[in-house]
Amino acid sequence: MKKFKKTEFIISGALIAAAYAGLTYLCNIFGISYGPIQLRLSEVLTVLPVFSPAAIPGLTVGCFLANIASFNVVDMIFGTMATFIAAVLTYYMKDIKVKNIPVLSLLSPVVINALIIGLEIAFFFLPEGSGVWGIILSSIQIGISEFIVCFIFGIPFYFVVKKYRIFEIKHKPKR
């Protein structure tokens, strides 16, 4: 992978952040961006660290901006942290592929969000006394929601980005 120049890195990250926040707000119109069952179409962008490290800050900032709409400081902190951790893992596992698909990279947002957001929902939003079953149920709901977006939409998105080399930097030849 070619290294980004600083300006290209910043612009790519900013575009990813804007796309993530915008898609999350769009999904919120239908009431599917926040809560125990989240089908954020913006999560399809979590495949982008496979192609560019600029996606790590882009997804992190985009998630933070998107979570502002939840009006929940806890979600702004833990949701953003989950996205950052998942993006870093996605980037570092990008070369581990099964049938030319970076399965572990696609799986990292599913697992991290299921654990962190599942715990967040169980501890901060479920009735007291929900206990272990509340944590398990929340984690399963978030995990299934994330799996749907990351695999059903994420795999085709991965191949589109790969085919059209969206993150390829074209350098002018020196004369």
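The values are calculated or read from the model by the stated rules, or taken from the named source; none is laboratory data. This is a predicted model, so every value here is computed, not measured. Neighbour counts are summed over all protein chains in view; Cβ atoms, including those assigned to glycine, are modelled from backbone coordinates with ideal geometry. Side chains are part of the model used for accessible areas, which takes the heavy atoms of the whole protein and leaves out ligands, DNA and RNA. Shrake-Rupley method; radii C 1.70, N 1.55, O 1.52, S 1.80 Å.
With axes computed from alpha carbons, what is the tilt in degrees of helix 55-68 against the longest principal axis of the chain, rounded to the nearest 10 within 0 to 90?
Between helix and principal axis, roughly 40 degrees.
Work out, in µm²/s and without decimals, the Stokes-Einstein translational diffusion coefficient of segment 1-47 at 4 °C, 1.567 mPa s, Rh from Kirkwood over C-alpha pairs. It would help to have the intermediate numbers written out before the result.
Numbers: Rh = 11.8 Å.
Diffusion coefficient, whole number: 109 µm²/s.
Considering Cα pairs under 8 angstrom that are at least six residues apart, work out the relative contact order of segment 1-113 and quote it in whole percent.
Details: 159 pairs, mean separation 27.7, N = 113.
Across segment 1-113, relative contact order equals 25 percent.
So, with a 1.4 angstrom probe, what is the percent of accessible area on segment 36-175 that is carbon and sulfur?
Details: 5690 of 7650 Å².
Exposed carbon and sulfur together represent 74 percent of the surface.
Extending each Cα 7 Å along its Cβ direction at Asn28 and Phe123, get the distance between those two points in nm, one decimal.
About 2.4 nm separates the two model spin labels.
Is there a quick way to get the dipole size of segment 35-175? I mean about its Cα centre, with the Cβ of Lys and Arg at +1 and of Asp and Glu at -1; what is the value in debye to the nearest 20? Don't jump to the answer; show the numbers that get you there.
Values: 11 positive and 7 negative charges, 252 e Å.
Approximately 1200 debye in magnitude.
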